[in-house]
1. Could you check the simple spin-label distance between Q103 and Y313, using points 7 Å along Cα→Cβ, in nm with one decimal?
2. Just to make sure I understand: if all protein chains stay in place, what is the order of M157, M147, M425 by accessible area at 1.4 Å, largest first?
3. So, taking all protein chains as they sit and a 1.4 Å probe, how much accessible area belongs to S423, in Å² rounded to tens?
4. 7 Å from Cα along Cα→Cβ at both H165 and K228: what's the point-to-point distance in nm?
5. In whole Hz, with x marking every Gly and Pro, tabulate ³J(HN,Hα) for segment 97-108 from phi via Karplus 6.51 cos²θ - 1.76 cosθ + 1.60, θ = phi - 60°.
6. How much length would be gained if the chain were fully extended between E245 and L335, taking 0.36 nm per residue of separation minus their Cα-Cα distance, in nm to one decimal?
7. When only the heavy atoms of the protein chains count and the probe is 1.4 Å, how do C344, C220 rank by accessible area, highest first?
8. What list of ³J(HN,Hα) couplings, whole Hz, do you get for segment 234-241 from phi and the Karplus terms 6.51, -1.76, 1.60, once you set θ to phi - 60° and write x for glycine and proline?
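The values are calculated or read from the model by the stated rules, or taken from the named source; none is laboratory data. All values derive from a computational prediction rather than experimental measurement. Note that we place each Cβ from the backbone using ideal geometry, even for glycine, and neighbour counts take in every protein chain shown. Heads up: the accessible areas ignore ligands, DNA and RNA and are worked out on the full protein's heavy atoms, side chains in. Shrake-Rupley method; radii C 1.70, N 1.55, O 1.52, S 1.80 Å.
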Amino acid sequence: MAPPLTALLLPALAALLPVPAAARAPPRSIAVVGAGLGGSSVAYFLQQHFGPQVQLDVYEQGGVGGRLATVTVNKQQYESRAASIHALSLHMQDFVKTLGLRQRREVPGKSAVFSGEHFVLEETDWYLLNLFRLWWHYGISFLRLQMWVEEVMEKFMRIYKYQAHGYAFSSLEELLRSLGAVLRSSYGQSVLVPAFAGAMSLAGAQGSTWAVEGGNKLVCSGLLKLTKANVIHGRVTGVSLHSSEGRALYQVHYTSSEGQGSAFYDMVVVSTALHPSRSNFSFQNFEPPIDNFPGTFQPSVTSVVHGYLNSSYFGFPDPKLFPFASILTTDTPALFFNAMDNICPVNISAGFRRKQPQEAAVWRVLSQQPLDKQQLKTLFKSYYSVQVTEWPSHPRYDSTKSLPPIVLHENLFYLSGVEWVASSMEMIAVAAKNVALLAYNRWYQDLEKIDQKDLMHKVKTEL
Ligand SMILES: Cc1cc2nc3c(=O)[nH]c(=O)nc-3n(C[C@H](O)[C@H](O)[C@H](O)COP(=O)(O)OP(=O)(O)OC[C@H]3O[C@@H](n4cnc5c(N)ncnc54)[C@H](O)[C@@H]3O)c2cc1C
């Protein structure tokens, strides 16, 4: 007997219908370029969403941790670059908890602002007196600034709710818009980006901060270990586009100590700056072509100096009376440094105390140019060692430039563009979570979770 017509037609009809989202297999393999905090956290979040069966390869040309790095002075390690984490950094807090790490004990120390001739503002032990001094010095505009920063931070906290509900943004503009940082865009100009960046960096400068016991870079190595990611020590030289069974396939080319190599992936996340100055790698076979994204990086030099502070330069001939552990500076052209801190090692024992200014201490000096001998002699009576890290690291926020894209191709994403919005550890972690959610929602075609408007209302009414 001939089979009924429906039995013949059903398989053909089924082939015409879109594959149900849940039926699609996860990507077989994902490559991440860069094992800084961005690369490590995106690897972790990608695995959380796609599951442990996905093969994760993380390419790193230098040390795991990237800009989270330490230097050794007298057998102790000190943070040489990114040192402090804002109290409200929820992803960083979560990483530390998940990895069984600890927050480092805070060692109190006072700050002051130096004009090049004298201290214009000095912190005291009294919070209200500090507030009064700030108000006295800067007037009501200071309080307004404080309130504005708090408002931006309060809105920024919304992102955690959106992410917990699985929402992602396909561009930095959409992400900022969802946080209430409305971008008045004209001729592609994102006028409020420098303001947002300013608020974030002011938020980092005020209020309490913390660091990871043992070094902030432990978060990166810990996340990569937890995800069992395969770390490939090599420099990625390019990504080329191919296709297989109608799907995009990305070939990552790299050089390592063993020579040149390449591997194919269903998905790639680039977590290092695509900038002409770094001329990291090229993209082949993409139409339209993918290029580097222009912009200017602020030179940043960190000098970790082990020595005796020249307190006379700061108006304290007796070093025993010098009360500050942290010196910020006003925008005085003649001043050759931006800030300096009497820093503590990354491991703090129970009985640890900060070195007094009359003792040889470890100071981290931030400047735009390397310090010459004369400048070092101005700041220090004498010193045992100086370790210099030089890097064009901070983007110069520019309201005339449009922001780099997050989606470079179907399943090829750019994470580090977020640094043109704000450069901090938590901001990178937020962007990493966004890229992982975006990649997941796009892979399973869950478009209702991308670039949704009125999210505050949506997350309130969702279960
Ligand atoms: C001096 C300084 C002080 C800072 N202070 C703070 C602070 O106190 N608090 C704070 O929150 N933030 C701070 N920051 C910012 C913070 O360091 C960054 O936001 C964060 O570390 C960026 O992480 P990332 O993974 O995006 O980039 P990176 O850490 O730069 O990681 C990128 C990685 O990619 C690798 N890579 C590059 N090209 C290739 C390639 N072709 N192939 C393979 N690998 C490649 C690099 O080696 C690197 O490891 C500071 C930054 C600097 C420089």
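1. If labels sit at Q103 and Y313, their model points lie 3.4 nm apart.
2. Values: M157 50, M147 130, M425 20 Å².
Largest accessible area first, the residues go M147, M157, M425.
3. 40 Å²
4. 3.5 nm
5. 5, 4, 8, x, 8, 10, 7, 6, 4, 7, 9, x
6. Details: separation 90, 0.36 × 90 = 32.40 nm, distance 6.14 nm.
Net length gain for the segment: 26.3 nm.
7. On the way: C344 20, C220 0 Å².
Ranked list, largest accessible area first: C344, C220.
8. x, 9, 6, 9, x, 10, 10, 9
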